[in-house]
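Visitor: Sending over a structure as structure tokens; questions will come in a sec.
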Amino acid sequence: MIIEPKIRGFICLTSHPAGCEKNIQNQIEYVKSKGNINGAKKVLVIGASTGFGMASRISSAFGSGASTIGVFFEKPPQEGKPASPGWYNSVAFQKEAAKAGLYAKSINGDAFSREVKAKTIELIKADLGTVDLVIYSLASPVRMNPETGILHRSVLKPIGQPYTNKTVDFHTGVVSEITIEPCNEEDIANTVAVMGGDDWSLWMDALMNAGALSENAMTVAYSYIGPSLTEAVYRKGTIGRAKDHLEATAFSIADKMKAIHGQAFVSVNKALVTQASSAIPVIPLYISLLYKVMKEKQIHEGCIEQIQRLYSERLFTGNKIDTDEKGRIRVDDWEMRTDVQDDIATLWPQATTETLPALGDLPGYKSEFLKLFGFGFPEIDYTKDVQENLEMPGLVSL
């Protein structure tokens, strides 16, 4: 079939298999170009199909020659109906791993469930024995708690009072003012239940209890802080409460992992165009300005550059891992540089529908958004028929 982007709001309803494959190949080539990383050799990535999770899987496999198991929840294709982009990303990754002679298997299912945890542990024990590194990179708006059976839904709201600021419709370039009403206590509890550290902790407990972690194993989850400009809707909002919980969970997991001389960290990463970030009001305008400023300073990074730097300059240097005063690894250090944030603070009040084309990088934002779904790669002829119904090599049945 011929597949074109069908966009509704902050999501694209279609994805292109050849474009997704090209996206994965580009990331693999980048990691290979940076040389070998003396990293973990047996890696589990939870949330492995897009964004930072996929970048982690690629950096492990093609930077360190690691055997990888990826867990994700993606929509398979049907005849005449494309799969979700993470499915095509994972198909491409599995193909490239097989070509390189690397062990790679994938599990497609609800990572919050007991069933998927049990199946993953069964696979680790059968094929790898143990894992050295567990990356936790889930991004889901809902979570069914396996202990209570309650379905929790996260919300993107400020706490305490309404929040008003500018945002941009990145499809049209229209800058407008938006007001977001504050949350209630139930909203906070639900968002923490979905996006906090509960599930990460359940995963690590299950892996430890099953003896599926190597001596000196490490686990890393991903977080974001951001500037004061966005903190009312992000770090001081419902999501921020969830991130606080995630970061606190790292310490409780680390205490449990002392038995195997293991470590647990949260890595604070840079703001990037993802399906999740595109849904948060104000953030697309901030990212548009951030991209322009960081590109001009020649310090712009995407997911793969961020994770390759996390691996090569933070996690696997052979030295003690540097953290901030709250025990977090910071690879948002370039974003949060004083000169970068000062420039954005100057540009923000000037940003209007008319001025944004000159002040920001909206084309870069749009391009990155489309690439998430496999569109916008100049090497791909999007007028050609493609086979949408791709099976995934290395997929383990539940």
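Visitor: Wholly within segment 138-189, which strands (runs of 3 or more DSSP E) include no fewer than the required count, namely at least 2 residues that are within 30 Å of Lys366 (Cβ to Cβ)?
Guide: The strands (runs of 3 or more DSSP E) meeting that bar are 163-169, 174-180.
Visitor: For segment 243-351, please list each of the helices (runs of 4 or more DSSP H) lying entirely inside it that holds at least 1 residues being under 20 Å from Ala232 (Cα atoms) and without any contact (Cβ under 8 Å) to a residue 24 or more places away in the chain.
Guide: Qualifying helices (runs of 4 or more DSSP H): 275-278, 338-347.
Visitor: Find the residue count for segment 125-143, including only residues that are more than 17 Å from the chain's Cα centre (by Cα) and either of a type in the set (Asp, Glu) or modelled with pLDDT under 95 (or both).
Guide: Going through segment 125-143 one residue at a time, the tally reaches 2.
Visitor: Residues of segment 95-106 being crowded, with 22+ Cβ neighbours inside 10 Å and closer than 25 Å to Cys12 by Cα, which ones?
Guide: The one that is crowded, with 22+ Cβ neighbours inside 10 Å and closer than 25 Å to Cys12 by Cα: Ser106.
Visitor: From Val340, Val386, grab the single residue that is surrounded by 15 or more Cβ atoms within 10 Å (Cβ to Cβ), within 16 Å of Pro82 (Cβ to Cβ) and either touching a helix residue (DSSP H, G or I) at 6+ places or on another chain (Cβ under 8 Å) or among the aromatic types (Phe, Trp, Tyr) (or both). Write out each step before concluding.
Guide: Numbers: Val340 fails: within 16 Å of Pro82 (Cβ to Cβ).
The unique qualifying residue is Val386.
Visitor: Which of the numbered conditions does Leu359 fail, given that it passes all the others? Conditions: (1) in contact with a helix residue (DSSP H, G or I) (Cβ under 9 Å, 6 or more places away or on another chain); (2) in contact (Cβ under 8 Å) with a residue 60 or more places away in the chain; (3) within 27 Å of Glu4 (Cβ to Cβ).
Guide: Against the list (1) in contact with a helix residue (DSSP H, G or I) (Cβ under 9 Å, 6 or more places away or on another chain); (2) in contact (Cβ under 8 Å) with a residue 60 or more places away in the chain; (3) within 27 Å of Glu4 (Cβ to Cβ), Leu359 comes up short only on (3).
Visitor: Of the residues Thr274, Thr238, Thr179, Thr230, which single one is in contact with an Asp or Glu (Cβ under 6 Å, 6 or more places away or on another chain), within 20 Å of Leu156 (Cα to Cα) and of a type in the set (Val, Ile, Thr)? Spell out how you get there, then give the answer.
Guide: On the way: Thr274 fails: in contact with an Asp or Glu (Cβ under 6 Å, 6 or more places away or on another chain); Thr179 fails: in contact with an Asp or Glu (Cβ under 6 Å, 6 or more places away or on another chain); Thr230 fails: in contact with an Asp or Glu (Cβ under 6 Å, 6 or more places away or on another chain).
Result of the check over Thr274, Thr238, Thr179, Thr230: Thr238.
Visitor: To continue, here is another question. Which one is nearest to Glu4 (Cα to Cα) among residues in segment 70-91 that are touching a strand residue (DSSP E or B) at 6+ places or on another chain (Cβ under 8 Å) and either acidic (Asp, Glu) or surrounded by fewer than 21 Cβ atoms within 10 Å (Cβ to Cβ) (or both)?
Guide: Pro76
Visitor: For segment 2-19, how many residues meet the condition of being buried (at least 21 other Cβ atoms within 10 Å of the Cβ) and either in contact with a Ser or Thr (Cβ under 9 Å, 6 or more places away or on another chain) or of a type in the set (Asp, Glu) (or both)?
Guide: Final tally of qualifying residues: 2.
Visitor: Further, regarding this structure: If we scan segment 231-246, do we find a residue that is out of contact with any Ser or Thr (no Cβ under 6 Å at 6 or more places or on another chain), surrounded by fewer than 23 Cβ atoms within 10 Å (Cβ to Cβ) and on the phi > 0 side of the Ramachandran plot?
Guide: No, the conditions are met nowhere in segment 231-246.
Visitor: So Ser60 ticks every box in (1) in contact with a strand residue (DSSP E or B) (Cβ under 6 Å, 6 or more places away or on another chain); (2) buried (at least 24 other Cβ atoms within 10 Å of the Cβ); (3) under 23 Å from Glu115 (Cβ atoms); (4) not aliphatic (A, V, I, L, M) but one. Which box is left unticked?
Guide: Among (1) in contact with a strand residue (DSSP E or B) (Cβ under 6 Å, 6 or more places away or on another chain); (2) buried (at least 24 other Cβ atoms within 10 Å of the Cβ); (3) under 23 Å from Glu115 (Cβ atoms); (4) not aliphatic (A, V, I, L, M), the lone unmet condition for Ser60 is (3).
The values are calculated or read from the model by the stated rules, or taken from the named source; none is laboratory data. All figures in this text were calculated on a predicted structure; none of them were measured in a lab. In this analysis, Cβ positions are derived from the backbone assuming ideal geometry, glycine residues included, and neighbour counts consider all displayed protein chains.
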